[in-house]
Amino acid sequence: LREEFRDLIDDHEHIKLRAGRLDFLDLLIRVRDLVRDNATVRNYLQGRFTHLFVDEFQDTDPLQAETILLLSSNDPTETDWLNVTPAPGKLFAVGDPKQSIYKFRRADVSLYRQLREALAARGAGLVKLTKSYRSGRPIQEFVNAAFAREMTGDVASGQAEYSNLEE
């Protein structure tokens, strides 16, 4: 389909360029490129933001993840986000992989899992929150019974793993 729509996509890009307009994806690409490719900007932003809190991390797309990791890096010269080790205490991310099923704007549970494992391997802490304060035991037992065997965490299909709710 990409090749079928290539002319349409190219026309759309030229119309945006002539009008001086950017869409959301354009903004993400330009920010990522600026942070990755411009050491002065990267160093400034790494110093300016001493702590990064990312909520809904399961909805982070690859461009956002790259920017976040580069900004949190303990090595200001590192430009490959997949090699970044965040400075201790600088990055705090909260996410529920079970909510990544929506694939919101290129979010994917596989990316979430890859980043979580890579960060943990580089010394980042991982805390699983399983206590539910919103529902009582009967609802928790029902939800656990319904989803524990269905959400297997199958990597090949990009499925999230299930964590039982606790009272």
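The values are calculated or read from the model by the stated rules, or taken from the named source; none is laboratory data. What you see is a predicted model, and the numbers here were worked out from it, not measured in a lab. Positions of Cβ are backbone-derived with ideal geometry, glycine not excepted, and every protein chain shown enters the neighbour counts. Note: accessible area is taken over every heavy atom of the protein model, side chains too, but ligands, DNA and RNA are not part of it. Shrake-Rupley method; radii C 1.70, N 1.55, O 1.52, S 1.80 Å.
Tell me whether region 91-101 contains one or more residues that are among the hydrophobic types (A, V, I, L, M, F, W, C) and within 11 Å of the chain's Cα centre (by Cα).
Scanning region 91-101 turns up at least one residue that is among the hydrophobic types (A, V, I, L, M, F, W, C) and within 11 Å of the chain's Cα centre (by Cα).
Mind checking which residues of region 85-109 are modelled with pLDDT of 85 or more and either more than 16 Å from Asp55 (Cα to Cα) or of a type in the set (Val, Ile, Thr) (or both)?
Within region 85-109, Thr85, Pro86, Ala87, Pro88, Val94 meet the criteria.
Of all residues in region 56-109, how many are crowded, with 20+ Cβ neighbours inside 10 Å, closer than 30 Å to Asn144 by Cβ and hydrophobic (A, V, I, L, M, F, W, C)?
Qualifying residue count for the region: 4.
What's the number of the condition Gln46 fails, among (1) assigned to a helix (DSSP H, G or I); (2) touching a strand residue (DSSP E or B) at 6+ places or on another chain (Cβ under 9 Å); (3) open to solvent by 80 Å² or more (accessible area, probe 1.4 Å)?
So Gln46 meets the others, but not (3).
Return yes or no: is Thr67 more than 19 Å from Ala120 (Cβ to Cβ), in a helix (DSSP H, G or I) and either in contact (Cβ under 8 Å) with a residue 40 or more places away in the chain or of a type in the set (Ser, Thr, Tyr) (or both)?
When the stated conditions are applied, Thr67 passes them.
Looking at this structure, is Ser135 surrounded by 11 or more Cβ atoms within 10 Å (Cβ to Cβ), over 26 Å from Leu28 (Cα atoms) and either of a type outside the set (Asp, Glu) or within 13 Å of the chain's Cα centre (by Cα) (or both)?
Yes.
Ile139 is checked against (1) free of Cβ contacts under 8 Å to residues at least 24 places away in the same chain; (2) within 29 Å of Asp80 (Cβ to Cβ) and fails just one. What number does that condition carry?
The single condition Ile139 does not satisfy is (2).
Within region 109-123, can one find any residue that is over 18 Å from Glu66 (Cβ atoms), without any contact (Cβ under 8 Å) to a residue 40 or more places away in the chain and assigned to a loop (DSSP other than H, G, I, E, B)?
Checking region 109-123: at least one residue is over 18 Å from Glu66 (Cβ atoms), without any contact (Cβ under 8 Å) to a residue 40 or more places away in the chain and assigned to a loop (DSSP other than H, G, I, E, B).
Which one of these does Glu150 not meet: (1) of a type outside the set (Ser, Thr, Tyr); (2) within 30 Å of Val41 (Cα to Cα); (3) part of a loop (DSSP other than H, G, I, E, B)?
Single failed check for Glu150: (2).
Residues checked against (1) on the phi > 0 side of the Ramachandran plot; (2) among the small types (Gly, Ala, Ser); (3) touching a His at 6+ places or on another chain (Cβ under 7 Å); (4) open to solvent by less than 40 Å² (accessible area, probe 1.4 Å):
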position: Arg113; (1), (2), (3), (4): no, no, no, yes
position: Ala118; (1), (2), (3), (4): no, yes, no, yes
position: Asn144; (1), (2), (3), (4): no, no, no, yes
position: Ala156; (1), (2), (3), (4): no, yes, no, no
position: Gln159; (1), (2), (3), (4): no, no, no, no
